[in-house]
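In what follows, a structure is listed as structure tokens, so that the remarks can point back to it.
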Amino acid sequence: MTVRLAGDLVTCYLFSFRLSYSGKAVHRVFASCGQEAFFEGHVHALRTLGGVPRTKVRYDNLKAAVARVLGQSRGRVEADRWIAFRSHFGIESFYCRPGIEGAHEKGGVEGMIGYFRRNHFVPVPEVSSLAELNGMVEQWDRQDDARRIGSRPKTVAEYFALEQPLLMPLPAEPFETGRLFTPRSTATDRSRSAPTDTRSRSG
């Protein structure tokens, strides 16, 4: 999606996490669509929701989570750090089938993303920073809690009030969403190699 950031038109990436029962959704905008942004989007969403879904969470076959799709089946070789991340939070993943066959399986979240873009990113937002934009996104999420989805008799917030107590508690320890790199010494570098904490942050 396009945003006017500090006067320039730039492409940003929208993370969306949606609960199926209530339709409660949490969004976050990032400068990249890398794995670190994927993790940070989850951390923000789960903290906002106040817990972790007990049922399976549906995912498309995005590279941040899936290293390899095993044919047309639901079998996946998951990325190592994604396995560590979802295990830390107790997330049970469910992958949609690739191609047209899996289109109907992800209709809820894709419909939510379309609604969010049409209602909040048209016209193009003008902001000075991603922090400012994400502050607006949080406000839009709160506003959307008051809406009714389709012909449902209650609002998103009313359904979420029933769903929230059923979520699993968040883990006590945080998960480091950045990556740790250890440089190796070369023939010309006689100093000992020490671990370097290089955290790549998005957003």
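The values are calculated or read from the model by the stated rules, or taken from the named source; none is laboratory data. Everything numeric in this text was worked out from a predicted model, so none of it was measured. So basically every Cβ, Gly included, is an ideal-geometry build from the backbone, and we count neighbours across all protein chains shown.
General observations
- Filter pass, VAL66 being touching a Lys or Arg at 6+ places or on another chain (Cβ under 6 Å), over 26 Å from GLN164 (Cα atoms) and without any contact (Cβ under 8 Å) to a residue 24 or more places away in the chain: no
- Total residues in the range 143-156 satisfying the condition of being exposed (fewer than 12 other Cβ atoms within 10 Å of the Cβ) and assigned to a helix (DSSP H, G or I): the figure is 1.
- Taking each residue of the range 124-137 that is closer than 14 Å to VAL10 by Cβ and looking for partners that are exposed (fewer than 13 other Cβ atoms within 10 Å of the Cβ) and of a type outside the set (Lys, Arg) with beta-carbon atoms closer than 6 Å, six or more apart or interchain, yields VAL124/THR2; SER128/ALA6.
- Hey, LEU19 within 13 Å of the chain's Cα centre (by Cα), surrounded by fewer than 18 Cβ atoms within 10 Å (Cβ to Cβ) and of a type outside the set (Gly, Ala, Ser) or not: no
- SER32 in contact (Cβ under 8 Å) with a residue 40 or more places away in the chain and surrounded by 20 or more Cβ atoms within 10 Å (Cβ to Cβ): no
- Any hit, the range 64-83, residues being of a type in the set (Asp, Glu) and within 24 Å of ASN134 (Cα to Cα): no
- Of the strands (runs of 3 or more DSSP E) entirely within the range 19-121, none holds at least 3 residues that are at pLDDT 95 or above and in contact with a Pro (Cβ under 6 Å, 6 or more places away or on another chain).
- Any hit, the range 128-142, residues being modelled with pLDDT under 95, surrounded by fewer than 16 Cβ atoms within 10 Å (Cβ to Cβ) and of a type in the set (Gly, Ala, Ser): no
- Any hit, the range 164-179, residues being assigned to a helix (DSSP H, G or I), of a type in the set (Phe, Trp, Tyr) and either over 11 Å from SER22 (Cα atoms) or at pLDDT 95 or above (or both): no
- Filtered residues of the range 138-156 (kept if in contact (Cβ under 8 Å) with a residue 60 or more places away in the chain and of a type in the set (A, V, I, L, M)): ILE149, VAL156
- In the range 157-178, the residue that is surrounded by the most Cβ atoms within 10 Å (Cβ to Cβ) out of those that are of a type in the set (D, E, K, R) and either farther than 24 Å from GLU36 by Cβ or more than 18 Å from the chain's Cα centre (by Cα) (or both) is GLU163.
- Condition check for GLY90: within 28 Å of VAL156 (Cα to Cα) and of a type in the set (Gly, Ala, Ser): yes
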